[in-house]
Amino acid sequence: MEDIKLMLVDDEERFVRTTSKLLARKGFRIFSALSGADALHILKGHNIHVVVLDVKMPGMDGIALLKEIKRNFPLVEVIMLTGHGTLESAVEGLKSGASDYLTKPIDIEDLTARVREAFEKRRRLEEKIRKAHSNLCVKSPEATVKKAGPGF
Amino acid sequence: MHHMENEQRYTKLRKMVLVCMILVPLIPFLLTIAIGYYYFTSALEKKTVAATSRIVDDHRSMIEFFLEERRADLEFILNSYNFDYLAQHENLERVFERLQIKSNAFVDLGVFNQEGVHVSYEGPFKLTGRVYKDEDWFIEVMKKGYYISDIFLGFRRVPHFVIAMAKPEESNKWVIRATIDTYIFNDMVKRVRIGRTGEAYLLNRDGIFQTERRSGGNILDEDPDFEKYRTKNTDIKTFTQTDYRGTEYFFATTWLKDKEWLLVVRQESGDAFQALTRAGYLILFISILGIGSILAVAFYLTDRIIHRMIETDTEKDELQEQLIRASRLAELGEMAAGFAHEINNPLQIIKSEHTLVQMILNDLSEKEQLSAAEEMAELTDSINQIGLQVDRCSAITQSILKFGRKSDTTPKNVDLKEFILDVIKMISPRATVNGVDIRLNIANDLPPVFGEAGHLQQVFLNLFNNALDAIYEKHGVQGGILEISATTEIGGMIKISVTDNGCGIDVENQKKIFSPFYTTKPLGKGTGLGLSVCYGIVTAMGGSMAVASEKEVGTTFTVRLSPAQKNNL
């Protein structure tokens, strides 16, 4: 199985630490961040597949971070995790591009299942993009070169 | 403090309303009565006075006519015969006989010469030869030619009065004199009938009775009250006067024209003004009745008004309090939701830690680094317990969050079985603490109902909590049974029954139990709104609600709801 690069973002340090251990045991490559800024920094340096994000955080809150991530790293799948499952925050999160919405406390099995789902979603998306690219390459190699760009 | 202020305010208000309620009708009422009384009584009084005056006038005319007639009789004799003729006794006798035929009031007849000698006399006494030269009446008649005496005893010692006339003949004057029968005269004067106590009598200018008075007063006695109504005025005079015996009389008096006698007609005031007194009593009676009814109506209406005001104010206060309580409840709900959220974070950590510990233990036992000792089994059990308890906490916070959720107001199909079980979850901690045995009998094939979940939750929470209250009151923390059943009835309605074995509700209270603000709970405990709101919710959903209860045995509340329409499914 491909290594899934997963980042946990939460201001609760102990939660991050223990959950990281658990997820690492489940075979994920775990990154962790205690704030939105940390998270963005890590995202710049690593090709993270899935982010699990606490909605309520001091400083930049989960929804703002989600928007930021989706703007800069559109392929990253984000799962929202919150202690307070209100319909409003769920709707807003999903509208802003979160792939799932979970309430605490969540079972680790549930969480891994959701992460895998999100990863699958991303993989399918990447596949589509790749296919589209190869089609483009056949039709017009120049455009492909233009579009692909150096960062991809 | 507030209560006392209110009481004072109501007392003041009550006084004001009462005063207005009394004065507004009372003033015109009293004015009407007073004006009516004045005009009515003065008219009556005038009528009485006028009637009495007329009687006096008529009576005087009659007496004067009588005296006038007697005088005319004597005048006729004087002019028809001469002194020498009448001086013969047999002639006088004949003349007297003829006179008596005309009027039997004459007692005797006598002839006097200028010297006052009784030359001839016809009558019951032997007066011939007596000399009257120095008698007052003789001097008077010689001077004026005509004389009517007061009543006097004279030589005969019997009360009588005389009429005398003098006639000049050649150089001499002679006189004839007749005595008038006092009994006839007396009867004539006395004969006036006015009411029960009316009487008439004559007084001379010194207040001596000339005729008898029915109510006491003999001829020639002096009237002790004469001074009080002595008058010079010849007109008819009317007045009210108290006599020497203390009785109040209404008087009408007038002087005769040709004789200085005062005719008095009098009647006891009470008798004279009997109609007036009766009218007075009637008006007094009407006044008392009127004032009484005005007071009664004023008191009654004021009581009603103030009572209504207090009721309205109390209702207003209760509503205000209710509003405050409701907003506090909403705040509390939000706070509870906040707490639940905060608790979820540590719960998550515990859960993660628990999973980690389990994993590590599993790894270790797989690698056979742990002996499967009895302690190991105990440890595993303990760790499992932690997991279970965390799940339990999580269920609690989830239900709080569900309750606090405000957005759930759009009506939708609600699966009753699941829904009721959810609500029971909320009250089960309390039931457990109070040792209440919850028995469920919910059919599996219940159709869904269409409604707002939040409202339905309120209905069932209320019913369950009421049941728990009743159970606690009766049984304390042991022996309570709460039975909740839900079935579909033959007509298709869904019937949910909530039965407790609590303290029960008496018949009187059962009637009022769904009305707003009605509560049997102690002050500050219940709002009295719970069941009325439930009733409102259920009836708005097209359902119905009923209560059946027996004191000290238990209560069953039954809610009937119609199933959701097929097109809503």
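The values are calculated or read from the model by the stated rules, or taken from the named source; none is laboratory data. Not measured: the values here are computed from a predicted model. With ideal geometry, Cβ positions are generated from the backbone for all residues, glycine too; neighbour counts draw on all protein chains shown. Areas reflect the complete protein model, heavy atoms only, side chains present, ligands, DNA and RNA absent. Shrake-Rupley method; radii C 1.70, N 1.55, O 1.52, S 1.80 Å.
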_Condition check for B:THR238: in contact (Cβ under 8 Å) with a residue 40 or more places away in the chain and not in a loop (DSSP other than H, G, I, E, B)_ = yes
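Hey, does the stretch B:338-361 have a residue that's outside the structural domain of B:HIS455 (by TED's automatic domain parsing), assigned to a helix (DSSP H, G or I) and either aromatic (Phe, Trp, Tyr) or open to solvent by 100 Å² or more (accessible area, probe 1.4 Å) (or both)? Even if it seems obvious, please write down each step before you answer.
We begin by selecting, within the stretch B:338-361, every residue outside the structural domain of B:HIS455 (by TED's automatic domain parsing); these are B:338-361.
Right, trim to assigned to a helix (DSSP H, G or I) and you get B:338-361.
So of that shortlist, the ones also either aromatic (Phe, Trp, Tyr) or open to solvent by 100 Å² or more (accessible area, probe 1.4 Å) (or both) come out as B:339.
Yes: the stretch B:338-361 contains one or more residues that are outside the structural domain of B:HIS455 (by TED's automatic domain parsing), assigned to a helix (DSSP H, G or I) and either aromatic (Phe, Trp, Tyr) or open to solvent by 100 Å² or more (accessible area, probe 1.4 Å) (or both).
From the list A:ILE69, A:ILE63, A:ILE79, A:ILE42, pick out the single residue that is outside any loop (DSSP other than H, G, I, E, B), modelled with pLDDT of 90 or more, of a type in the set (Val, Ile, Thr) and over 16 Å from A:ARG122 (Cα atoms).
After applying the criteria, what remains is A:ILE42.
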*Single unsatisfied condition, B:HIS118 versus (1) more than 23 Å from B:PHE161 (Cα to Cα); (2) free of Cβ contacts under 8 Å to residues at least 24 places away in the same chain*: (1)
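With respect to B:SER327, is the statement that it is small (Gly, Ala, Ser), under 35 Å from the mean Cα position of the chain (by Cα) and either open to solvent by 40 Å² or more (accessible area, probe 1.4 Å) or modelled with pLDDT of 90 or more (or both) true? Break it down stepwise before answering.
Details: small (Gly, Ala, Ser): yes; under 35 Å from the mean Cα position of the chain (by Cα): no; either open to solvent by 40 Å² or more (accessible area, probe 1.4 Å) or modelled with pLDDT of 90 or more (or both): yes.
Here the answer is no, as B:SER327 does not meet what is asked.
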*Would you point out the residue of the stretch B:73-112, among those that are in contact (Cβ under 8 Å) with a residue 60 or more places away in the chain and of a type in the set (Gly, Ala, Ser), that is surrounded by the fewest Cβ atoms within 10 Å (Cβ to Cβ)?*
B:ALA105
*List pairs: first in the stretch A:115-132 and part of a helix (DSSP H, G or I), second exposed (fewer than 14 other Cβ atoms within 10 Å of the Cβ), Cβ under 9 Å, 6+ apart or cross-chain?*
A:PHE119/A:GLU2; A:ARG122/A:LEU75; A:ARG123/A:GLU2; A:LEU125/A:LEU75; A:GLU126/A:LEU75; A:ILE129/A:LEU75
*Which condition number in (1) part of a helix (DSSP H, G or I); (2) surrounded by fewer than 12 Cβ atoms within 10 Å (Cβ to Cβ) is the one that B:THR410 fails?*
(1)
_Residues within the stretch B:479-502 that are closer than 19 Å to B:ILE424 by Cα and open to solvent by 10 Å² or more (accessible area, probe 1.4 Å), tallied_ = 10
*asked:* So, in the stretch B:335-393, how many residues would count as being within 13 Å of another protein chain (Cβ to nearest Cβ) and of a type in the set (D, E, K, R)?
replied: 7
*In the stretch A:97-126, residue nearest to the other protein chains (Cβ to nearest Cβ) [restricted to those that are buried (at least 20 other Cβ atoms within 10 Å of the Cβ), of a type in the set (A, V, I, L, M) and within 11 Å of A:ILE79 (Cα to Cα)]*: A:LEU111
*Restricting the first residue to the stretch B:428-456 and requiring it to be over 17 Å from B:VAL559 (Cα atoms), which pairs with a second residue that is of a type in the set (Asp, Glu) and at pLDDT 90 or above meet a Cβ separation below 9 Å and a spacing of at least six or different chains?*
B:VAL436/B:ASP500; B:ASP437/B:GLU483; B:ILE438/B:GLU483; B:ARG439/B:GLU483
*Can you find a residue in the stretch A:25-34 that is in a loop (DSSP other than H, G, I, E, B) and touching a Ser or Thr at 6+ places or on another chain (Cβ under 7 Å)?*
yes
